[in-house]
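Novice: Below you will find the structure I want to go over with you.
Every number here is computed from the coordinates shown, using simple stated rules; none is lab data. It should be emphasised that the depicted structure is a prediction, and the values quoted were computed from it without experimental measurement. Note that each Cβ is placed from the backbone with ideal geometry, even for glycine, and that neighbours are counted across all protein chains shown.
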Amino acid sequence: MIDRYGRVIDCLKIAITDKCNLQCVYCKKADTKYKPNYINDVLNPEDIKFLIKVFSENGIKRIKFVGGGGEPTLHPNLPEFIKYAKECGIRDISLTTNGTTLSRNARLFKECGLTNVNVSVDSLKQYKYRAVTRVGNLNEVLTGIDNCLRVGLNVKINCVAIKDFNDNELVDFIQISRRIPIDVRFIEFMPYGEAKEIYKRGHYDIKSTIESLPGIEAIENRDKGSIATYYKVKGSKGRIGVITPMNCSFCDKCDKINITHDGMLRLCTHSKNEIDLKPFLQKPYLFNENIKKIISAKPRHNTLIKRQFVKNNY
């Protein structure tokens, strides 16, 4: 699939649930509650498999199971989805997770066909990690990362850079990339969702900060579709990444589209427009007739600062 700017769109990020077992301060309200046994009231497992199949038939080569406000490993059908994606010819299958279940599920996910894991860790200090997640256990997550490495999964750590919270831990995170073959990626703090309340005091220029550290050298990023700028310390086993959506630093080469847990297609993670895919579910001919035209409308740049979601019927 190709958009009107000539970008080949071959990566699908799909959120399978908005339920989470953490309550991160920049994502969830402290009093967030879920109905008993809730996973997803909009997309059932067959709907998710349908979307995997039809998008793979239309040129998607990489799939990322993500949260989108939730924790994908809470979905009981995730192993089935991973296995089905592999059966559909997808060879690059990723998972973005808070890492809380990896200690017991890493091997299963690997056996089903998972290739990459991105784990969110915003502090390496238990009291801070508990503060930002409200309920999290850092040791549980670190054990899960170890298990992923042990079974042969490629691992990246994602750290949201927050001023006066974890900015004094940058060197500690970088030390991980020196000792272990892990990419540690610092993500610019962004003003949406619950984060709007703390953006002004929490945002800082993480890219300039990393570049000012001694011994840090910029390196070429050869990863297809990667949105990070990468650096390295001489002799290190892993890389240091910086992701800065606020300045549209990767928009010109963006090859991703996003499906929300409730069946909406976002052509840009940070754009204001959403297209309802539910009318196309279990209707492959209708889907195939419309999807290329829909993809062609992918915006050139994100609209993060003025982000407002508008639901459009296509």
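Novice: In debye to the nearest 20, how big a dipole does segment 121-228 give about its Cα centre with +1 on each Lys and Arg Cβ and -1 on each Asp and Glu Cβ?
Specialist: The dipole magnitude comes to about 220 debye.
Novice: Which of these, T32, T244, T17, has the largest mean-square fluctuation under a Gaussian network model of the chain (Cα springs below 10 Å)?
Specialist: For the chain, modelled as a Gaussian network with Cα springs under 10 Å, the answer is T32.
Novice: Let me know the charge dipole size of segment 11-312 about its Cα centre in debye, to the nearest 20, where only the beta-carbon of Lys, Arg (+1) and Asp, Glu (-1) is charged.
Specialist: Value, rounded to 20: 260 debye.
Novice: Additional query: Compare G238, G263, G152 in a GNM of the chain, Cα atoms joined below 10 Å, and give the one with the largest fluctuation.
Specialist: Ranking G238, G263, G152 by mean-square fluctuation puts G152 first.
Novice: Now for a different question. Taking R0 as 30 Å, what's the FRET efficiency between R150 and E217 from their Cβ-Cβ distance, rounded to 0.05?
Specialist: 0.50
Novice: So what are the ³J(HN,Hα) numbers for segment 87-93, from phi and the Karplus equation (6.51, -1.76, 1.60; θ = phi - 60°), rounded to whole Hz, Gly and Pro as x?
Specialist: Taking θ as phi minus 60°, the curve returns 5, 7, x, 7, 10, 10, 10 Hz for segment 87-93.
Novice: Relative to the present Cα-Cα distance, how much length would full extension add between N139 and K29 at 0.36 nm per residue of separation?
Specialist: 37.2 nm
Novice: Restricted to Cα positions, what overall size does segment 89-174 have along the principal axes? Three whole-Å values, descending.
Specialist: Cα spread of segment 89-174 along its principal axes, largest to smallest: 44, 21, 19 Å.
Novice: Further, regarding this structure: Using a basic spin-label model with each label point 7 Å from the Cα along Cα→Cβ, how many nm lie between D41 and E289?
Specialist: 3.2
Novice: How much FRET efficiency would the formula 1/(1 + (r/R0)^6) give for I2 and K196, where r is the Cβ-Cβ distance and R0 is 35 Å, rounded to 0.05?
Specialist: FRET efficiency, I2 to K196: 0.50.
Novice: Length gain on complete extension for the stretch D252 to L108, per 0.36 nm per residue less the alpha carbon to alpha carbon distance?
Specialist: Fully extending the segment from D252 to L108 adds 48.2 nm.
Novice: If you wrap a convex hull around the Cα atoms of the chain, how much volume per residue is inside, in Å³?
Specialist: About 129 Å³ per residue, rounded to a whole number.
Novice: Here's another thing I want to ask about it. For segment 113-119, what does the Karplus curve 6.51 cos²θ - 1.76 cosθ + 1.60, with θ = phi - 60°, yield as ³J(HN,Hα) per residue in whole Hz, taken in order and with x for Gly and Pro?
Specialist: x, 5, 10, 9, 10, 10, 10
Novice: Would you look at the GNM of the chain, springs on alpha carbons closer than 10 Å, and say which of A85, A161, A218 moves the most?
Specialist: A218
Novice: Could you tell me which of the pairs K61/K293; K49/K207; K29/K86; K200/K298; K200/K237; K64/K163 are separated by over 31 angstrom between their Cα atoms in the structure shown?
Specialist: K49/K207; K29/K86; K200/K237
Novice: I'd like the trypsin sites (Lys or Arg not before Pro) in segment 1-88 restricted to DSSP loop residues with at most 13 other Cβ atoms within 10 Å, sorted by number.
Specialist: Qualifying residues, ordered by number: R4, K29, K33.
Novice: May I pose another question? What is the Cα radius of gyration of segment 6-53 over 2.2 N^0.38 Å, N being its residue count?
Specialist: Cα Rg divided by the expected 2.2 N^0.38 Å: 1.54.
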